[in-house]
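Worksheet: one structure, shown below.
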Amino acid sequence: MKEFTRTVRKLVSTLNIKNKFDKSLLFIHRLADSLTLTMRTRNVASNIILEAKKMRIVMGKHPISISTAALYIACNLLVN
């Protein structure tokens, strides 16, 4: 299994394939559902993540941590 994973990584790197699926945006909706947050809060959190990705702040961070932080910031922004 390790060799398979290594081979896939090497192929992705060699062929310059980009992974377009963003797990942190998926986790926002899962977390927001469990916390019963509004769609407005989800949208603000999604925008925070997209801007942070443009600025390359979130590289190497776990997607759940990114989602949690974005939802926390979005909730604070919308309350004040």
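The values are calculated or read from the model by the stated rules, or taken from the named source; none is laboratory data. Keep in mind the model is a prediction, meaning the values are calculated, not measured. Here the Cβ positions follow ideal geometry from the backbone for every residue, glycine too, while neighbour counts run over all protein chains shown.
Values computed for the structure shown
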| item | result |
| --- | --- |
| Candidate set from the stretch 49-59 (those that are surrounded by 11 or more Cβ atoms within 10 Å (Cβ to Cβ) and among the hydrophobic types (A, V, I, L, M, F, W, C)); member that is nearest to the chain's Cα centre (by Cα) | 49 |
| Which listed residue is exposed (fewer than 15 other Cβ atoms within 10 Å of the Cβ), within 10 Å of the chain's Cα centre (by Cα) and at pLDDT 90 or above, from 46, 65 | 65 |
| Within the stretch 30-63, tally of residues that are touching a Lys or Arg at 6+ places or on another chain (Cβ under 9 Å), of a type in the set (A, V, I, L, M, F, W, C) and farther than 18 Å from residue 76 by Cα | 1 |
| Selection within the stretch 23-60 - outside any helix (DSSP H, G or I) and of a type in the set (A, V, I, L, M, F, W, C) | 37, 55, 57, 58, 59 |
| Identity of the residue in the stretch 1-29, exposed (fewer than 12 other Cβ atoms within 10 Å of the Cβ) and of a type in the set (Lys, Arg), that ends up nearest to the chain's Cα centre (by Cα) | 20 |
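Every residue, every condition in (1) under 13 Å from residue 22 (Cα atoms); (2) among the aromatic types (Phe, Trp, Tyr); (3) free of Cβ contacts under 8 Å to residues at least 24 places away in the same chain, yes or no:
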site	(1), (2), (3)
41	no, no, no
44	no, no, no
49	yes, no, no
54	no, no, yes
59	yes, no, yes
63	yes, no, no
69	no, no, yes
76	no, no, yes
79	no, no, yes
